[in-house]
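**Q** Provided herewith is a single structure, encoded as structure tokens, for subsequent inquiry.
The values are calculated or read from the model by the stated rules, or taken from the named source; none is laboratory data. Quantities reported herein were computed from a predicted structural model and do not represent experimental measurements. With ideal geometry, Cβ positions are generated from the backbone for all residues, glycine too; neighbour counts draw on all protein chains shown. The protein model used for the area step is the full one, side chains on, heavy atoms only, and it has no ligands, DNA or RNA in it. Shrake-Rupley method; radii C 1.70, N 1.55, O 1.52, S 1.80 Å.
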Amino acid sequence: MSRIGNKPIAVPAGVEVKLDGQKLTVKGPKGTLEREIHKNISVSIEDNVIKVTRPNDEAKNRSLHGLTRTLISNMIDGVEKEYTRELQINGVGYRVAKQGNNLTLGYSHSVIFEAPEGITFDVPNQNTIIVRGIDKELVGQTAANIRTKRPPEVYRGKGIKYADEVIRRKEGKTGK
């Protein structure tokens, strides 16, 4: 039995949820999100409470049950309050600057990173990037794409890393 899938989702004040067939629309103060629900999963909305149910205990339906409930919960949280992901840049000569809604990652050559639709960047200083948006999946994927431009290396720790990430450092070669 899915413990996560069986938990009801409370819809807070100021958030509006509509279900049109298998298309779920969540509208809140920060924006609007839409998602297509899998045909095997049924969603019901009653008295500002959303319940997600599955037809049987097949493996695929069990996995979709908890996933769908979590995705709907993340949509409601996202339109109520934004998701953020913070990245840090370490290393001599590495810096970031914001130009419009794009980022310029400065190395020996500049790399321009364009923001996807629904994502905004904050650059409080030249070594910190904050990715903001209402779609948790898109925020995480955008942060991961920025990190791939210069992943942190294990000997000196130079590169782009998540703020809460711990880089396991390797010891360099030992001389005789």
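**Q** For the chain, what is the calculated [θ] at 222 nm in deg cm²/dmol (nearest 500), taking -39500 (n - 2.57) for each run of four or more DSSP H residues and dividing by its residue count?
**A** That calculation yields -7000 deg cm²/dmol at 222 nm.
**Q** Further question: If you average the sequence gap of Cα pairs under 8 Å that are 6 or more apart and divide by the length of the stretch 59-148, what percent do you get for the contact order?
**A** 30 percent
**Q** Dipole of the chain (Lys/Arg Cβ +1, Asp/Glu Cβ -1, origin at the Cα centre): which of L67, V96, H109 lies farthest to the positive side?
**A** Farthest towards the positive pole: H109.
**Q** Moving on to the next point. Roughly how many whole Å is it from the C-alpha centroid of the stretch 1-63 to that of the stretch 103-176?
**A** Computed from Cα coordinates, the inter-centre distance equals 33 Å.
**Q** Report the accessible area of E114, computed with a 1.4 Å probe over the heavy atoms of all protein chains in place, in Å² rounded to the nearest 10.
**A** 130 Å²
**Q** Something else now. Mind putting a number on the dipole of the chain about its Cα centre? Charges go on the C-beta only, +1 for Lys and Arg and -1 for Asp and Glu, and I need it in Debye to the nearest 20.
**A** Its charge dipole is roughly 1000 debye.
**Q** Whose amide H sits under 5 Å from the amide H of K158, counting only residues 5 or more places off or on another chain, with H placed in the peptide plane?
**A** Those qualifying (amide H under 5 Å, at least 5 residues apart or on another chain) are E153.
**Q** When the Debye formula is applied to the Cα atoms of the chain, each taken as the same point scatterer, what base-10 log of I(q)/I(0) results at q = 0.08, 0.09 Å⁻¹?
**A** Evaluating at q = 0.08, 0.09 Å⁻¹ gives log10 I(q)/I(0) of -0.37, -0.45.
**Q** Taking square-rooted eigenvalues a ≥ b ≥ c of the alpha carbon gyration tensor, is the stretch 51-153 rounded, prolate or oblate, where a/c under 1.5 means rounded and, failing that, a/b exceeding b/c means prolate?
**A** Prolate shape, in that a/c is at least 1.5 and a/b is the bigger ratio.
**Q** While we're here: Could you please state how large a percent of the accessible area of the stretch 46-117 is carbon and sulfur, counting protein chains only and using a 1.4 Å probe?
**A** 45 percent
**Q** I've got another one for you. Using amide H atoms built 1.01 Å from N in the peptide plane, name the residues 5+ places from G31, or on other chains, whose amide H lies under 5 Å from its own.
**A** none
**Q** In addition: Using per-residue counts of other Cβ atoms within 10 Å, averaged over each peptide, order 155-167, 139-151 from highest down.
**A** Ranked by mean Cβ neighbours within 10 Å, highest first: 139-151, 155-167.
**Q** Tell me the relative contact order for the chain as a rounded percent, counting alpha carbon contacts under 8 Å between residues six or more apart.
**A** Across the chain, relative contact order equals 18 percent.
**Q** Now, a different point. Per residue, what accessible area does the chain have, given a 1.4 Å probe and all protein chains present, in Å²?
**A** With all protein chains present, the chain gives 62 Å² per residue.
**Q** Tell me, what is the Rg over Rh of the stretch 1-68, with Rh the Kirkwood radius over Cα pairs?
**A** 0.98
**Q** Each residue of the stretch 29-44 in turn: what ³J(HN,Hα) in whole Hz from Karplus with 6.51, -1.76, 1.60 and θ = phi - 60°, glycine and Pro shown as x?
**A** 3J(HN,Hα) across the stretch 29-44, in whole Hz: x, 8, x, 10, 10, 10, 8, 8, 8, 4, 5, 7, 9, 10, 10, 10.
**Q** Would you be so kind as to identify which of G140, T53, L87 lies farthest towards the positive end of the dipole of the chain, taking Lys and Arg as +1 and Asp and Glu as -1 on Cβ and the Cα centre as origin?
**A** Working it through, the farthest residue towards the positive pole turns out to be L87.
**Q** If you don't mind, there's one more thing I want to ask. Given an 8 Å cut-off on Cα distances and at least 6 residues of separation, report the relative contact order of the stretch 1-101 as a percent.
**A** That works out to 29 percent.
**Q** Given the pairs K51/K81; K18/K51; K27/K149; K51/K136, which span a C-alpha to C-alpha distance of over 25 angstrom in this model?
**A** Over 25 Å Cα-Cα: K27/K149.
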